[in-house]
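Peer 1: Below is the structure I would like to discuss, written out as structure tokens.
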Amino acid sequence: MGSGKADVWLGTLSLMILKTLQTMGPLHGYGIARRIEQTSQDRLALNYGTLYPALLKLEQDRHVRSEWGVSENNRKAKFYAITPAGLERLAKEERDWAETASIVACFLSPREKDA
Amino acid sequence: MATFHSLISRLAAPFSGRSWSGDLNAEFETHLQLQIDANLRAGMSEREARRAALDKLGAPAVGVEAYRERMVFGWLDTLLRDVRYGLRSMRRSPGFVTVAILTLALGIGANTAMFSVIYATLVHPLPFPDLDRLYVLREQGLMGNDSNVGNPVSPRNYLDWQAANKSFSSMAALRGSEYNLGSNDGHSRPERVYGAVCSYTLFGTLGVKPVIGRTFTADEDKKGAPHVALISYGLWQSHFGGAAGITHRTIRLDGEEYSIVGVMPPGFSYPARDTVIWSPLLPVSSTEGRGNHQLLAVARLRPGVTLAHAQAEMNLIAKNILASEPDALTARTVGVIPMAEYVGKRSSTILLTLLAAVACLLLIACVNVANLLLARGSRRAREFGVRVALGAGRGRLLRQLLTEGLLLFACGALAGLAFACGLNVLLAHYLPRLLNSADIDLFIPSVLDWHALLFMLLCAAVVGAATSLLPAWRAARLGAVSNADASGRTATGGRKSHRTQNTLVAGEVALCTLLLVAAGLLARSLYNLQRVDPGVRTGNVLTATVALPGKQYATQRAVSGFTQQLIDRLAATPGVVSAATIDVLPLDGWQNDTTIEIDGRPMPRGQWIDPMHREASPTYFATMGIPILQGRAFTVQDSEPILSSEPHGMGAVIINKALAQRFWPRGDAVGCLIHYGDAPGARRYQIVGVVGDVTYQLGNAPDFVVYTAALDGESQAFHIVVRTTLDPLALAPALRAAVKDLDSGLPVFAIRTMDEVASQNAAPTRCTSFLLGSLALLALLLASIGLYGVLSYGVEQQRNEIGLRIALGSSRAQVLRRVVAQGLRPALAGLAAGLLAAFALAKLLASLLYGVAPRDLSTFTAVPLALLGVALLASFVPAWRATRVDPMAALRCE
């Protein structure tokens, strides 16, 4: 995996994580992964090396915060929650994404019709 | 803002002390369990559930690695971890690490110490402001021939130069002097100290101010002015305890009181490193001749004036002087020499040779360590393969190996620093004495300064990066290759690295050859020099120096009375064969010379006979073992005309063989008359004898010498020489006692045997050849270790192949020959390259050699033979080990 591609993926993944935490409230890593996988209709599968660095980056940027708690199966787990700064970023990224998507759609849609 | 927080937490992460990896693993574990639970709920079996979860989530180690990359500012945590990892892997192979660190310490340490010496002597020799504008002025072309070193300046020329020139903002003159420094309490024995008499302009010219008091005024630099002196900081501390109010004190020099007007700053000593007292130079009368070349003239170039302009102006001034006094022994041109260059001149060839030698040593050390790292890298291929499999990228692996290499160099540098400090103290102490026996103008601080430290760090870093890069790159590649073949033990894996190693070994053998040739040439020079006949029998002779204060011993008769009594006393001492006095010892430098003319044979204008001038007591020739070839030795009566100051009494001189043969080739010198200098009305001297040649410098062709019969120098310092039947040093107490009986206030100093004087004379060559020899031997040792290491590693690598060969019927002798040949190939290549380089470079050493050509055949034969022998030895051990390979074991391994 080239590093450029990883960064794009990381950016998108951060967006998904923030959205998940906004909708679901505090979750542990597994919870986040499961929710994202379900939402993507199992087209995405997250391994350690993808999910946790993304969480770390969000935490370093103070967009999420974490605290230790106990999972439903009685294990020590870290619960992540979105912060006000995270909410701000999510709102901005949602706007940007919608904007980008609509622009890209303008380019792609006519060609689809032609085909 | 987010970026700032991110920055802080990233930077803080490696130091927070929290075990983040433990936390992360706990998180992973929970994640895994939850995934397994979910899989179970989906109807998988226990086993399936676990397997599916593991497949999906990947190896925790990979996750940790990815997390780490994210966590820190890239390098910081990685670096710390690499350092820790490196330290651990170093601890695992202490033998390798010790050899590598010692090798590096040797190379880096020797270079740092040598650099420090070079910096102190050649780059920044004197602590004067704007040193590049300070020049030493010399009279050149005195004898019509142009030697670029020139002569010291005569007082009258100095005065005229100073008055006429416009190029220099100030000019000063000085000469070294020695004093009997009286004790302050008047009880303890006086001691001999070095000082300088200087024009009052000296300190302004050099740009140095006293820390206490003032320098001299123009009025103090005049005839009849009261005695004043400046003292060094060291003397102030040692003799006055650093007492306040020092400018109200006096100091007793040669029995006379001098008012102290100031103290010079610490570290200031000029013109010699032992100079501790300065007093004004008493001016000369304008009627004095110009032939008295005795002053060191220094000058500071005026801002905006170029050297070429100053040079042209000084030459013009010299030309005008010569035109007004065409018979004078005076400069035709003026040497305007940068002061820094002048100071380092004598030693620069030796020092640069030594620097080149230690640089070679460092290169060899580096090659060795690089080879060790290469071999180790290949050996660790399996480890790297595993790491690559675990997700470490090539760059990551490279970085880690580089860190390990640099770590090694950091340790080497640290050990090298300790080594350099010790070496520097030794060099600072011995080198000036050894290299410059006659002229003390070499200053070496005994503490490494920051320049040297900077140099060392730079040296270690550059060399470290350069030598670890290749092995690291190779190992990282090997690691990537072995990824596919996890055995990490391929027959072909080592081939290419072997070629690299062989090239490196050839390189170090070449460097080693260079050093050996240089050392060989110098050793031959030393051998030749020590076999030179100095013209005196140095064994069983004790010498000592005494200086009579001018005030008490004002007349020559007083001086002569003292010396005669001393000689008589010493001659009566048991064990003494004979005793004598002389003003300048043989083998102790040129010192005094004087121009002579032979009666009835005037020299053409501008040409002079300029023999060394020596003042000897009648017994001197017998005591020193100088043969009398014609005529007779002096008698006591010979000194009478000089002592009685009767202007027309005939004096007696003895000349040496070289002078006699040059001007009286038919052997009829005895009986002829000569007179001194350019004064036709001067006293006549009759040649009463011809004696054997005596050298003042081993290795020089014999110079002309004229001896007179009594001490009549201005300094009133002379040497006592005593020939004994005993150990000469055992006579020292008797000698001291004899002087003390005659005058209890006189210090006896520089007590040495004549053998020591002779040995000191060859010291620069001995010192250089010793240092070069040691360096060459070290290089030989390192190169043979390198060769041995590469061969051993090669044998280990080819264990299977060798086993196979033996199994297929190769005899042990064949195996032995094969491995030895493998070792000799790079050695021979290196030897050839090294000999070629030595052949090309040897001429640079020519000025250091004596009695041996730079391309000396025997040296160029002996060195390759010796090197070949060592290479054979170094190859033989691994080769012998190869023959011990058990074919069965090797095959089973495969």
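Peer 1: Please go through segment B:245-270 and give me each residue that is in a loop (DSSP other than H, G, I, E, B), in contact with a helix residue (DSSP H, G or I) (Cβ under 9 Å, 6 or more places away or on another chain) and farther than 20 Å from B:Leu174 by Cα, ordered by number. Show your work before the answer.
Peer 2: Of all residues in segment B:245-270, those in a loop (DSSP other than H, G, I, E, B) come to B:245, B:249, B:254-255, B:264-270.
Then drop every residue that is not in contact with a helix residue (DSSP H, G or I) (Cβ under 9 Å, 6 or more places away or on another chain), which leaves B:249, B:264-270.
Matches in segment B:245-270: B:Arg249, B:Pro266.
Peer 1: A follow-up question, please. Which of the following residues is surrounded by fewer than 18 Cβ atoms within 10 Å (Cβ to Cβ) and out of contact with any Cys (no Cβ under 7 Å at 6 or more places or on another chain): B:Ala762, B:Ala776, B:Ala833? Give the derivation first.
Peer 2: On the way: B:Ala762 fails: surrounded by fewer than 18 Cβ atoms within 10 Å (Cβ to Cβ); B:Ala776 fails: surrounded by fewer than 18 Cβ atoms within 10 Å (Cβ to Cβ).
Within the list B:Ala762, B:Ala776, B:Ala833, the selection yields B:Ala833.
Peer 1: Give me a count of the residues in segment A:79-115 that are modelled with pLDDT of 90 or more and either among the polar types (S, T, N, Q) or closer than 20 Å to B:Leu34 by Cβ (or both).
Peer 2: 4
Peer 1: I'm checking my understanding of the structure. Among residues of segment A:47-62 that are more than 7 Å from chain B (Cβ to nearest Cβ) and of a type outside the set (Val, Ile, Thr), which one is surrounded by the fewest Cβ atoms within 10 Å (Cβ to Cβ)? Outline the logic, then answer.
Peer 2: Step one: filter segment A:47-62 for residues more than 7 Å from chain B (Cβ to nearest Cβ), giving A:50-51, A:54-55, A:58-59.
Narrowing the set further to residues that are of a type outside the set (Val, Ile, Thr) leaves A:51, A:54-55, A:58-59.
Details: A:Leu51: 24, A:Ala54: 24, A:Leu55: 21, A:Leu58: 26, A:Glu59: 19.
The selected residue is A:Glu59.
Peer 1: What number of residues within segment B:685-726 are in a loop (DSSP other than H, G, I, E, B) and modelled with pLDDT under 90?
Peer 2: Step one: filter segment B:685-726 for residues in a loop (DSSP other than H, G, I, E, B), giving B:692-704, B:709-716, B:725-726.
Filter again for modelled with pLDDT under 90, leaving B:695-703, B:709-716, B:726.
So the count comes out to 18.
Peer 1: I'm trying to understand the selection: among the residues of segment B:579-594, which are of a type in the set (Ser, Thr, Tyr) and crowded, with 18+ Cβ neighbours inside 10 Å?
Peer 2: Taking segment B:579-594 as the starting set, the residues that turn out to be of a type in the set (Ser, Thr, Tyr) are B:581, B:594.
Across segment B:579-594, the qualifying residue is only B:Thr581.
Peer 1: Still on this structure, please answer the following. Filter segment B:664-677 down to residues that are crowded, with 17+ Cβ neighbours inside 10 Å and touching a residue at least 24 places away in the same chain (Cβ under 8 Å), then give me how many there are.
Peer 2: Start the filter on segment B:664-677 by keeping residues that are crowded, with 17+ Cβ neighbours inside 10 Å, which leaves B:664, B:669-670, B:672, B:674-676.
From what is left, the residues that are touching a residue at least 24 places away in the same chain (Cβ under 8 Å) are B:669-670, B:672, B:674-676.
Total meeting the criteria: 6.
Peer 1: State all residues of segment B:265-305 that are at pLDDT below 90, within 17 Å of B:Tyr158 (Cβ to Cβ) and β-branched (Val, Ile, Thr); if no residue qualifies, say none.
Peer 2: B:Val284, B:Thr287
Peer 1: Go through segment B:756-770 and report how many residues are in contact with a Ser or Thr (Cβ under 9 Å, 6 or more places away or on another chain) and either among the basic types (Lys, Arg) or within 17 Å of B:Leu352 (Cβ to Cβ) (or both).
Peer 2: Within segment B:756-770, residues that are in contact with a Ser or Thr (Cβ under 9 Å, 6 or more places away or on another chain) and either among the basic types (Lys, Arg) or within 17 Å of B:Leu352 (Cβ to Cβ) (or both) number 5.
Peer 1: Okay, next question. Does segment A:71-94 hold any residues that are away from chain B (no Cβ under 13 Å) and more than 23 Å from A:Gln60 (Cα to Cα), and which are they?
Peer 2: Hits for segment A:71-94: nothing passes.
Peer 1: Being in contact with a His (Cβ under 9 Å, 6 or more places away or on another chain), within 20 Å of B:Asp593 (Cβ to Cβ) and either modelled with pLDDT under 80 or aliphatic (A, V, I, L, M) (or both) is the filter here, so list the residues in segment B:671-682 that pass it. First the steps, then the outcome.
Peer 2: To start, the set of residues in segment B:671-682 that are in contact with a His (Cβ under 9 Å, 6 or more places away or on another chain) comprises B:676, B:681-682.
Checking the rest, the ones that are also within 20 Å of B:Asp593 (Cβ to Cβ) come to B:676, B:682.
Selection gives B:Ala682 alone.
Peer 1: May I pose another question? Tell me, which strands (runs of 3 or more DSSP E) wholly within segment B:579-681 include 3 or more residues that are under 30 Å from B:Glu288 (Cα atoms), under 40 Å from the mean Cα position of the chain (by Cα) and not hydrophobic (A, V, I, L, M, F, W, C)? Give the derivation first.
Peer 2: Values: elements: B:596-598, B:612-615, B:628-631, B:651-656, B:673-676.
Per the criteria, B:612-615.
Peer 1: Let me ask something additional. Name the residues in segment B:21-32 that are facing chain A (nearest Cβ under 9 Å) and out of contact with any Lys or Arg (no Cβ under 6 Å at 6 or more places or on another chain), would you? Steps first, answer last, please.
Peer 2: Within segment B:21-32, the subset facing chain A (nearest Cβ under 9 Å) is B:23-24, B:26-32.
Correct list: B:Asp23, B:Leu24, B:Phe28, B:Glu29, B:His31, B:Leu32.
Peer 1: Tell me yes or no: at least one residue of segment B:260-278 is small (Gly, Ala, Ser), in contact with a strand residue (DSSP E or B) (Cβ under 8 Å, 6 or more places away or on another chain), under 30 Å from B:Leu772 (Cα atoms) and surrounded by 14 or more Cβ atoms within 10 Å (Cβ to Cβ).
Peer 2: Just the residues of segment B:260-278 that are small (Gly, Ala, Ser), to begin with: B:262, B:267, B:269, B:272.
Among the residues that remain, those that are also in contact with a strand residue (DSSP E or B) (Cβ under 8 Å, 6 or more places away or on another chain) are: B:262, B:269, B:272.
If we keep only those that are under 30 Å from B:Leu772 (Cα atoms) as well, we get B:272.
Those still in the list that are surrounded by 14 or more Cβ atoms within 10 Å (Cβ to Cβ) too: B:272.
Yes, there is a match, as at least one residue in segment B:260-278 is small (Gly, Ala, Ser), in contact with a strand residue (DSSP E or B) (Cβ under 8 Å, 6 or more places away or on another chain), under 30 Å from B:Leu772 (Cα atoms) and surrounded by 14 or more Cβ atoms within 10 Å (Cβ to Cβ).
Peer 1: Same structure, new question: Restricting to segment A:18-35, name every residue that is in a helix (DSSP H, G or I), within 14 Å of another protein chain (Cβ to nearest Cβ) and surrounded by 21 or more Cβ atoms within 10 Å (Cβ to Cβ).
Peer 2: Narrowing segment A:18-35 to residues in a helix (DSSP H, G or I): A:18-24, A:29-35.
Those left that are additionally within 14 Å of another protein chain (Cβ to nearest Cβ): A:18, A:29-35.
Scanning segment A:18-35 gives A:Leu18, A:Gly29, A:Tyr30, A:Gly31, A:Ile32, A:Ala33.
Peer 1: List the number of the failed condition for A:Ser66; all other conditions in (1) at the interface with chain B (Cβ under 8 Å from one of its Cβ atoms); (2) more than 13 Å from the chain's Cα centre (by Cα); (3) of a type outside the set (Val, Ile, Thr); (4) at negative phi hold.
Peer 2: Looking at each condition in turn, A:Ser66 falls short on (1).
Peer 1: If you don't mind, there's one more thing I want to ask. Looking for something crowded, with 19+ Cβ neighbours inside 10 Å, modelled with pLDDT under 80 and part of a loop (DSSP other than H, G, I, E, B) - is there at least one such residue anywhere in segment B:2-19?
Peer 2: No: segment B:2-19 contains no residue that is crowded, with 19+ Cβ neighbours inside 10 Å, modelled with pLDDT under 80 and part of a loop (DSSP other than H, G, I, E, B).
Peer 1: If A:Arg43 meets every condition in (1) within 13 Å of another protein chain (Cβ to nearest Cβ); (2) within 20 Å of A:Met24 (Cβ to Cβ); (3) within 15 Å of the chain's Cα centre (by Cα) apart from one, which number is that one?
Peer 2: Just one mismatch for A:Arg43, condition (1).
Peer 1: Checking B:Arg752 against (1) surrounded by 19 or more Cβ atoms within 10 Å (Cβ to Cβ); (2) part of a helix (DSSP H, G or I); (3) of a type outside the set (A, V, I, L, M, F, W, C), only one condition comes out false. Which one?
Peer 2: (2)
Peer 1: Let me ask another. Return yes when B:Val298 is closer than 22 Å to B:Phe203 by Cα and part of a strand (DSSP E or B) and no when it is not. Show your work before the answer.
Peer 2: Values: closer than 22 Å to B:Phe203 by Cα: yes; part of a strand (DSSP E or B): yes.
Answer is yes for this residue.
Peer 1: Then there is this: For segment B:44-59, indicate whether the set of residues that are at negative phi, at pLDDT below 85 and more than 7 Å from every other protein chain (Cβ to nearest Cβ) is non-empty.
Peer 2: Yes.
Peer 1: Taking the criterion of being in a helix (DSSP H, G or I), at pLDDT below 85 and surrounded by 15 or more Cβ atoms within 10 Å (Cβ to Cβ), would at least one residue in segment B:854-869 satisfy it? Even if it seems obvious, please write down each step before you answer.
Peer 2: Filtering segment B:854-869 for residues in a helix (DSSP H, G or I) gives B:857-869.
Going one step further and asking which of them are at pLDDT below 85, we end up with none.
Looking through segment B:854-869, none of the residues is in a helix (DSSP H, G or I), at pLDDT below 85 and surrounded by 15 or more Cβ atoms within 10 Å (Cβ to Cβ).
The values are calculated or read from the model by the stated rules, or taken from the named source; none is laboratory data. Quantities reported herein were computed from a predicted structural model and do not represent experimental measurements. Methodologically, a virtual Cβ is constructed for each residue, glycine included, from the backbone with ideal geometry; neighbour enumeration extends over all protein chains shown.
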